[in-house]
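Handing you a structure now.
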Amino acid sequence: MTSVPKKRAPRLAAGRARALGMPTRGTTNPNRLRRVDRWILGTPWVAGAVRDAAEPVVIDLGYGATPVTTVELADRLRPLHPALRVVGLEIDPDRVAAGKAVADPPALEFRRGGFELAGLAAGVRDFPGPALVRAFNVLRQYSEAEAWKYWDELCARLGPDGLLVEGTCDEIGRRCCWVVLDRGGPLTFTMACLPSDLEKPSDLAERLPKTLIHRNVPGEKVHAMLAELDACWATAAPMAPFGPRARWAHAVRLFADRGWPVLDRHRRWRLGELTVPWSTVAPDR
C-alpha cells in the first residue's frame, strides 16, 4: 500500500510571521465606523495616545471586503499627527490587493496580517508597537474564551502607551459598542447609537463585544446596567417631544444621578454616547 505524502506547511519569508486569525465576513459600508472614529478624536486621552506617540502608527485590523473604512480612519485621524501612518490589515489576499489599489504610503498602507499585527507588534525589529489598534466586527466569529485570548495577545503587542479599541456595530453604524484596552487590560466600555433608531437602550445588547454579549443575563453587571438605562429611558419619556437625542441625554443624566459612574458629559450624550469604566460591566472570568 502506497502511503500518501503529507502536505508541507507553506514556508514564509524570513522574519515574516504567519498571519493569525480567520477571515471575517467582510461586510463593510462607507461611514460604518464614523461613531467610533468621532469618539476617538473627541476623547482627549484616546486621541492623545496617537498625538503623543513617538511613532504614530495606527492599525485597522480586519477592515473587510473593501478598504473604505481604513481610508476614512486615515482621513479623520490625520489632524492628530503630521507623521501619522495608518496600516490596514486583512488575511484575505484579495482584500489586501483592493487596499493596495488606494494606498498612499507611508501615510496609508495595506498588508496581509492578523492578530500578530504583520511585523508592527511591540518588540519586532525594535519597533515600539502601535499607538492605536482599531478592531471592529472581528471577534464576533470567535468563542468568548478566544475573544479574551486575543484581547490579551493584542494588548501585549501595543506600544508602551498604546490603546486597543475593540467592538461591534451594525451594518450602517447606527448601533455600536466598544471597549478600550491598554497593555494592562480593559479600561472603558462605550455605547454609541442614533437614538431615533432605538426603542430602548437595551436594544444595543445585540452589538455588545464578544466578551459581554453572552453575559447579558440576570446576575451579570452588563445586564443590570442595561436594565437601569431602560428604566431611565422610560422616566425620560416627557423629553420625547424634544427629540430622541434630548431624551437619550436626559436618560443618561438620570443614570448618572442614580450613582452610576458615567465618564463623559452632556455634549457626548447628545451624540448618543455613554462611556463607563470597564469595572461597571466586567464579568467574572
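Looking at the stretch 227-234, is at least one residue surrounded by 22 or more Cβ atoms within 10 Å (Cβ to Cβ), in contact with a strand residue (DSSP E or B) (Cβ under 6 Å, 6 or more places away or on another chain) and among the aromatic types (Phe, Trp, Tyr)?
No, there is no match, as no residue in the stretch 227-234 is surrounded by 22 or more Cβ atoms within 10 Å (Cβ to Cβ), in contact with a strand residue (DSSP E or B) (Cβ under 6 Å, 6 or more places away or on another chain) and among the aromatic types (Phe, Trp, Tyr).
Looking only at the stretch 211-220, decide whether some residue is over 14 Å from Met191 (Cα atoms) and open to solvent by less than 20 Å² (accessible area, probe 1.4 Å).
Among the residues of the stretch 211-220, at least one is over 14 Å from Met191 (Cα atoms) and open to solvent by less than 20 Å² (accessible area, probe 1.4 Å), which makes the answer yes.
Kindly establish whether Pro10 is open to solvent by 70 Å² or more (accessible area, probe 1.4 Å), modelled with pLDDT of 95 or more and more than 16 Å from Phe136 (Cβ to Cβ). Spell out how you get there, then give the answer.
On the way: open to solvent by 70 Å² or more (accessible area, probe 1.4 Å): yes; modelled with pLDDT of 95 or more: no; more than 16 Å from Phe136 (Cβ to Cβ): yes.
Judged against the criteria, Pro10 is not a match.
Further, regarding this structure: Which ones in the stretch 175-202 are in contact (Cβ under 8 Å) with a residue 40 or more places away in the chain and in a loop (DSSP other than H, G, I, E, B)?
Selection gives Leu194, Leu198.
Go through the stretch 31-112 and tell me which helices (runs of 4 or more DSSP H), entirely inside it, have 1 or more residues that are under 20 Å from Cys177 (Cβ atoms) and open to solvent by less than 10 Å² (accessible area, probe 1.4 Å). Working first, answer last.
Details: elements: 34-42, 44-51, 68-77, 93-100.
Those helices (runs of 4 or more DSSP H) span 34-42, 44-51, 68-77.
Now for a separate question. Taking Asp92, is it closer than 19 Å to Leu20 by Cβ and of a type in the set (D, E, K, R)?
Spelling it out, Asp92 is indeed closer than 19 Å to Leu20 by Cβ and of a type in the set (D, E, K, R).
Okay, next question. Give the stretch 241-272 a look and list any residue that's among the charged types (D, E, K, R), open to solvent by 20 Å² or more (accessible area, probe 1.4 Å), part of a loop (DSSP other than H, G, I, E, B) and closer than 15 Å to Met191 by Cβ, or say none. Spell out how you get there, then give the answer.
Taking the stretch 241-272 first, the residues among the charged types (D, E, K, R) are 245, 247, 253, 257-258, 264-265, 267-268, 270.
Then keep just the ones that are open to solvent by 20 Å² or more (accessible area, probe 1.4 Å); that gives 245, 247, 253, 257-258, 265, 267-268, 270.
Next, only the ones that are part of a loop (DSSP other than H, G, I, E, B) stay: 258, 265, 270.
Passing the criteria: only Arg270.
The values are calculated or read from the model by the stated rules, or taken from the named source; none is laboratory data. Bear in mind that the values here come from a model prediction, so they are computed numbers and not experimental data. Cβ sites come from the backbone with ideal geometry, for glycine too, and all protein chains shown count toward neighbours. Accessible surface is based on the protein model in full, side chains and every heavy atom, while ligands, DNA and RNA are left aside. Shrake-Rupley method; radii C 1.70, N 1.55, O 1.52, S 1.80 Å.
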